[in-house]
Amino acid sequence: MFNSRKMNIESFDIHYNVPMKQYSAECTHIPLKKNWSDSWCALPETFDHCLDKILNFEVRPRDVFVVTFMKCGTTWMQEAAWLLLNDLNFEKSKEKRILERSPFLDFIGLLPPGSGLELDPLKLTEQLHDPRLIKSHMPANLLPSQIWQKKQKTIYVARNVKDVIVSSFHFAQHGMWKGDSILDYVNNFINDEIHWTPFWTHIVDFWKMRNESFIFFVTYEEMIKDLPGVVRRLGQFLNRPTLTDEELNRLVAHLSFGKMKDNRQANLTEMMKETFPDVPENFQFMRRGIVGSYRDELTPEVQAKIDSWTASILSKHGLTEKDIFGEL
């Protein structure tokens, strides 16, 4: 059961040309105690008809979830976790796209009309053998409630907000958002008018639950800095056999940004172009993959505006960005 309310701005999901709304749900099993019914998330109105299916999704005992805010290294983590869960079967990973091997649960409310069932996440998850790896960008209280009831293994990846804003701007302007400039996008983002916002609530809630035994919390920046170390810890979290040095080196090489960008089964550029008719030919799902690229696209004034907004929110939790991400 969920709650919804209209937003006070004229914001539309371009694929459907429908208004955006805010959604919330109460979930008593989440270990972080707060008023979850007052924790809202911006989504297109199409979720009126399918959010219950996500909340009531039937979880299997060996399911693993990858949860992130968008453009936080989700696909990178999916590929790493899928290979660990499937005994480094690189040949099998070449047979299907990552969204078929690791379905995107939220897609049920995002697929354009008439796109068919080949990417329907509920159909895909039904067909998968265990262990299933399932992706979502939903905040904690809009995830399947059985994750919390059963303490299902959940991998959470966070990324610094300025890089997320720039990366999601380039992604969202080709279907999820319509505006005139990156400054417009920044304003919409900090006013919680973009899909899956508010950003900091999403991040902070999981950061506060990072010590739960069934939650693996990591940052994009950690993965950039020490991918071998993250992979080893991830393998332990997933109860996988310890990798030999040779196996680890092969997996890390496979997960390099250049290899991922060239991997048609992991890079979703072509899938996006095929699925969403308004995605242009020059669209790139994977662009740069570095930390701090926002400096090339955000003016010092805009950076300061984001920093001020961030500080005002995190101070309410007694936190700073450094507490979550370390030195950036």
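The values are calculated or read from the model by the stated rules, or taken from the named source; none is laboratory data. Because the structure is predicted, anything quoted here is derived from the model rather than measured. As a convention, Cβ positions derive from the backbone with ideal geometry for all residues, glycine included, and neighbour counts pool all protein chains shown. For the accessible areas, the whole protein counts, side chains as well, though only heavy atoms, and no ligand, DNA or RNA atoms are used. Shrake-Rupley method; radii C 1.70, N 1.55, O 1.52, S 1.80 Å.
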Test set (1) surrounded by 15 or more Cβ atoms within 10 Å (Cβ to Cβ); (2) without any contact (Cβ under 8 Å) to a residue 24 or more places away in the chain; (3) assigned to a loop (DSSP other than H, G, I, E, B) - F57 fails condition number: (2)
Selected residue [modelled with pLDDT under 95 and among the polar types (S, T, N, Q)] from S136, S168: S168
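For every residue, the table says whether it meets (1) in contact with a helix residue (DSSP H, G or I) (Cβ under 8 Å, 6 or more places away or on another chain); (2) among the polar types (S, T, N, Q).
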site	(1), (2)
Q78	yes, yes
N89	yes, yes
K94	no, no
K123	no, no
I134	yes, no
Q152	yes, yes
Complete set of residues in the stretch 120-147 that are under 10 Å from C27 (Cβ atoms) and of a type in the set (S, T, Y): S145
Residues within the stretch 185-221 that are in a helix (DSSP H, G or I), over 23 Å from I147 (Cβ atoms), in contact (Cβ under 8 Å) with a residue 60 or more places away in the chain and not polar (S, T, N, Q), tallied: 3
Residue list for the stretch 60-87, filter: assigned to a loop (DSSP other than H, G, I, E, B), closer than 30 Å to H170 by Cα and open to solvent by 10 Å² or more (accessible area, probe 1.4 Å): K71, G73
Total residues in the stretch 124-173, condition touching a Cys at 6+ places or on another chain (Cβ under 8 Å), open to solvent by less than 20 Å² (accessible area, probe 1.4 Å) and not in a loop (DSSP other than H, G, I, E, B): 7
Wholly within the stretch 224-328, helices (runs of 4 or more DSSP H) carrying at least 3 residues that are at pLDDT 95 or above and among the acidic types (D, E): 245-254
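Hey, could you check the stretch 1-45 for residues that are of a type in the set (V, I, T) and at pLDDT 90 or above and say which is farthest from K178 (Cα to Cα)?
In this case the residue turns out to be T28.
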Residue ID - farthest from V18 (Cα to Cα), chosen from residues in the stretch 184-238 that are touching a Lys or Arg at 6+ places or on another chain (Cβ under 8 Å) and either of a type in the set (S, T, Y) or open to solvent by 50 Å² or more (accessible area, probe 1.4 Å) (or both): S213
Out of I155, I190, I194, I182, sole residue that is β-branched (V, I, T) and over 30 Å from S308 (Cβ atoms): I155
